[in-house]
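Asks: Quick one: the structure is below, and I'll ask about it shortly.
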Amino acid sequence: MLDIKQIRENPSFVEERLQSRGSYDLQPLLTLDQQQRELEAKRSHLQARSNEIGKLVGQKIKAGSDPQSTEIQSLRQEGNDLKNEIGELEPQEREIKSQLADLLLTLPNLPSESTPLGNSEEDNVEVRRWGDEYIPQNSDILPHWEIGEHLGILNFERSVKVAQSRFVTLIGSGAALERALIQFMLDRQIAAGYTEVLPPILINTQSLTASGQLPKFAEESFKCAADDLWLSPTAEVPITNLYREEILAAEDLPINHCAYTPCFRREAGSYGRDTRGLIRLHQFNKVELYKLVHPDTSEHEHQKLVANAEAILQELQLPYRVIELCTGDLGFSATKTYDLEVWLPSANKYREISSCSNCRDFQARRGGIRFKESGKKGTQFVHTLNGSGLAVGRTMAAILENYQQPDKTVRVPEALQPYLRQEVLT
RNA sequence: GGAGAGGUGGCUGAGUGGUCGAAAGCGGCGGAUUGCUAAUCCGUUAAGGAUGUCAACAUCCUUCGAGGGUUCAAAUCCCUCCCUCUCCGCCA
């Protein structure tokens, strides 16, 4: 959520930054804000007098005045009149406030000053590459779903019976490989200073609103109809909300968490895309990195988080590149985002495997996550950062392709061998 | 699902109609003191919003789970809802 004060005081700046992501008109919001403050001034003035009367009556009665005296009676009358007046203003004010809040919740975050301008993913900027991608000759590399099915470790067809399309069942070494990847990623990130959490993955509406998935993107998440609960689309949601409405001590920052969780996405509107394989499923596993930091350090912590995610790809020896998203391609809550894209030889393409964002105070403001510096007055909002470290299914896809051998076996990356106790998948 | 208890400031926890934004303790901050490694004493310390020639500040409003009601006046009384805890039942 953006700061209404910032919008009020600097509307042209905010609008200009928002225009870089799409089309936004702040005027309705400014009008409502103006009305709201006028109403509030009026109401609180009446309220002050009403409070005064309340005290006065109490004092007089305590001092021995007759409650039935005309003096007291007329004060009571005035109190009643004020109550009626206030009673008329209150609903108006409440209505405007809720309209204001609704509008504010639909505005995305402002892109950072350093985010490249652009309209779509075409305008994203490549920052760096790592590793040597293998350019396939004569389509000799099988796509990961084919090699996976050949090895008997992935099954899509039967998963349709159990659930729907876009689900997978991992079998034998496939299941073991998934677990090995999760354990490997967690071990590395814990060593890098992140504290593991294993949060609930059924999430209430308030939590999804705080992290920015709601109200705008309701159709992206699965909802449990009988309850106010949704299936978590990413661990970013529960982790953010672990600290909702809290005032943290500045000394406790930064808070670094990693989490393995299953993630659930409806993938509405992507019906034709990535229909095969592990790339776009309704349910997938992810190890998430998450930081709550002091605003002064968020830029630096963002770079560290990206490096922590990259370290996994490097240790797995998977070629990748780092892309900085342009303003038009930025997610709703993000102010600056780096995507890590892993090389998928069968597709002859890089595919997103991690997305690392700095949300600054956007989520913190929605969720009321503040911190206090001891000795200083007041509180500030923390900055929140998140990134995948990594998407596990896509990592498996990358391994099945990049480590594929001509005899249709797949080598196990060295870093995983201690976890799998297997050198080759056959 | 049945029965009961409860939701108060950073934390613990008092407070059943008026000067209560709220005792006390802990913690934090500032200071004093003491040679015994930390203790003692004093002071101070909620958040959000509006307004003011808003930086330090001042004034006002809101907030004791949420919403409504009674009253001149509600943390306190009434109603509805939500949540937490304990016991029983069921169950991984």
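The numbers here are math on the coordinates, done by the rules we state, and not lab data. These figures come from a predicted structure and were not determined experimentally. All Cβ positions, glycine included, derive from the backbone under ideal geometry; neighbour counts span all protein chains shown.
Asks: Would you mind finding the longest exposed-site-free stretch of chain A, with exposed trypsin sites (Lys or Arg not before Pro) meaning DSSP loop and at most 14 other Cβ atoms within 10 Å?
Replies: So the longest stretch without any such site is A:1-215.
Asks: Label 7 Å along Cα→Cβ of A:I61; the range A:77-114 residues with amide nitrogen under 15 Å?
Replies: Within reach of a label on A:I61: A:77-80.
Asks: Suppose the chain between A:E423 and A:K223 were pulled fully straight at 0.36 nm per residue; how much longer would it get relative to their current alpha carbon spacing?
Replies: Contour length minus Cα-Cα distance gives 67.9 nm.
Asks: Which one, A:S12, A:N109, A:S65, projects farthest toward the positive side of the charge dipole computed for chain A from Cβ point charges (K/R +1, D/E -1)?
Replies: A:S65
Asks: Under the 0.36 nm per residue contour assumption, what length would be gained going from the current alpha-carbon distance of A:I72 and A:R244 to full extension?
Replies: Result: 57.2 nm gained on full extension.
Asks: Moving to a separate point now. Nearest 10 degrees is fine. How inclined is helix A:298-315 to the longest principal axis of chain A, computing both from alpha carbons?
Replies: Roughly 20 degrees, rounded to the nearest 10.
Asks: For chain A, give the magnitude of the charge dipole about the Cα centre (Cβ charges: +1 Lys/Arg, -1 Asp/Glu; no others), in debye to the nearest 20.
Replies: That gives a dipole near 780 debye.
Asks: Alpha carbon centre of the range A:253-311 versus the range A:1-80: separation in Å?
Replies: Result: 42 Å between the Cα centres.
Asks: Treating cross-link reach as a plain straight distance, find the lysines whose alpha-carbon is under 28 Å from the alpha-carbon of A:K62, omitting any fewer than eight places away in the same chain.
Replies: A:K83
Asks: Just subtract the alpha-carbon distance of A:Q314 and A:D3 from 0.36 nm times their residue separation and send over the number in nm, one decimal.
Replies: Working it through step by step, the gained length comes to 108.0 nm.
Asks: Sticking with this one: Which value, in debye to the nearest 20, gives the size of the charge dipole of the range A:25-106 about its Cα centre, when Lys and Arg are +1 and Asp and Glu are -1 at the Cβ?
Replies: 440 debye
Asks: Something else about it: What lysines does A:K286 reach when the alpha-carbon gap must be under 18 Å and sequence neighbours fewer than 8 apart in one chain are set aside?
Replies: Straight-distance partners of A:K286: none at all.
Asks: Here's something else I'd like to know. Could you tell me which of A:N358, A:P28, A:W230 has its Cα farthest along the dipole of chain A towards the positive end, charges placed at Cβ (Lys, Arg +1; Asp, Glu -1), taken about the Cα centre?
Replies: Among A:N358, A:P28, A:W230, the one farthest towards the positive end of the dipole of chain A is A:W230.
Asks: Turning to a different aspect of this structure: Do the alpha carbons of any pairs in A:K5/A:K291; A:K291/A:K376; A:K5/A:K372; A:K216/A:K336; A:K304/A:K349; A:K161/A:K291 sit beyond 28 Å of each other, and which pairs?
Replies: Listed pairs above 28 Å: A:K161/A:K291.
Asks: On to the next question. Can you pull out the chymotrypsin sites (Phe, Trp or Tyr not before Pro) in the range A:200-301 that DSSP calls coil and that have at most 16 other Cβ atoms within 10 Å?
Replies: Those that pass, being in a loop and sparsely packed, are A:F217, A:F222, A:Y271.
Asks: Also, quick follow-up: For the range A:121-425, state what percent of all Cα-Cα pairs lands in each successive 20 Å bin, counting from 0 Å until the bin that includes the largest distance.
Replies: 33, 58, 10, 0
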